[in-house]
1. When the label point is put 7 Å from the Cα of His149 along its Cα-to-beta-carbon vector, which residues of the stretch 65-92 have a backbone N closer than 13 Å?
2. Which residues make up the longest stretch of the chain that has no GluC sites (Glu not before Pro) in a DSSP loop with at most 16 other Cβ atoms within 10 Å?
3. In the stretch 58-163, what trypsin sites (Lys or Arg not before Pro) fall in a loop by DSSP, with at most 10 other Cβ atoms inside 10 Å?
4. Between Lys156 and Glu100, take the C-beta separation as r, use R0 = 22 Å, and let me know the FRET efficiency to the nearest 0.05.
5. What is the ratio of the Cα radius of gyration of the stretch 118-187 to 2.2 N^0.38 Å, where N is its residue count, to two decimals?
6. Which entries of Lys156/Lys183; Lys54/Lys84; Lys119/Lys183; Lys43/Lys84; Lys4/Lys55 have Cα-Cα distances beyond 19 Å here?
7. For Arg115, what residues show an amide H to amide H distance below 5 Å, using hydrogens built from the backbone and excluding near sequence neighbours?
8. Restricting to DSSP loop positions (anything but H, G, I, E, B) with no more than 15 other Cβ atoms inside 10 Å of their own Cβ, which chymotrypsin sites (Phe, Trp or Tyr not before Pro) remain in the stretch 74-156?
Amino acid sequence: MLKKIYVWLTRSPHSRGFGVQSPSAYRFIRYVINEHYPYYAYKDLSSLGYADGKKHLFELYFRLVNDLRPDSWIEYPEFNDHSKEYVAAGCKKVNIVTLEDIKKLSLFPMPSIIRVSAKDLSAEQIIPCFSQVNTHSLLVVEDIHFNNHCRQLWQKLQEDQHTGISYDLYYVGLLFFDRSLYKQHYIVNF
């Protein structure tokens, strides 16, 4: 609990889009990442229960698919939690897929949202797959500050030539691949 308070206090200058000059990044931070109003499905989804207090993350995933409307939500490896129910409620047309091998990413339609865990991944596994995604794809990387390996992986992913705008939410990182926009890294108090 003390760690959560510390993280929130150190990131408080980055709250609700303060200091963000880009209108599209500000809208994304303000109305997708940090949206506090209840959505239509939250009440129905609250009966599922939450693994390790991940309600905040699951609601973020709901808002992401609701806003971006991807063709597919791809997970590597399989996450045994209620995120899939939140994703399905956010967008009825989304195809939810679990990959056993991240190299099979090219078999699925894009644009997609790809959810991975920094604890279970290396840069050598994921960076070669970046050539298969398109400008409307999003990589969701959980546990980016879990340990030194995870922090280094997140840094390598941000610096890769295929990536564009990134959002560091401490518990999760969001990495877009649209290179037509100026490459920028945002720290967000989530």
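The values are calculated or read from the model by the stated rules, or taken from the named source; none is laboratory data. Predicted model only: the values in this text are computed from it and were never measured. With ideal geometry, Cβ positions are generated from the backbone for all residues, glycine too; neighbour counts draw on all protein chains shown. Protein only, heavy atoms only, side chains kept; ligands, DNA and RNA dropped before computing areas. Shrake-Rupley method; radii C 1.70, N 1.55, O 1.52, S 1.80 Å.
1. none
2. 101-190
3. Lys92, Lys93
4. 0.40
5. This ratio for the stretch 118-187 stands at 1.00.
6. Lys119/Lys183
7. Here the answer is Ile74, Glu75, Tyr76, Val140, since their amide H atoms fall under 5 Å of that of Arg115.
8. Phe146
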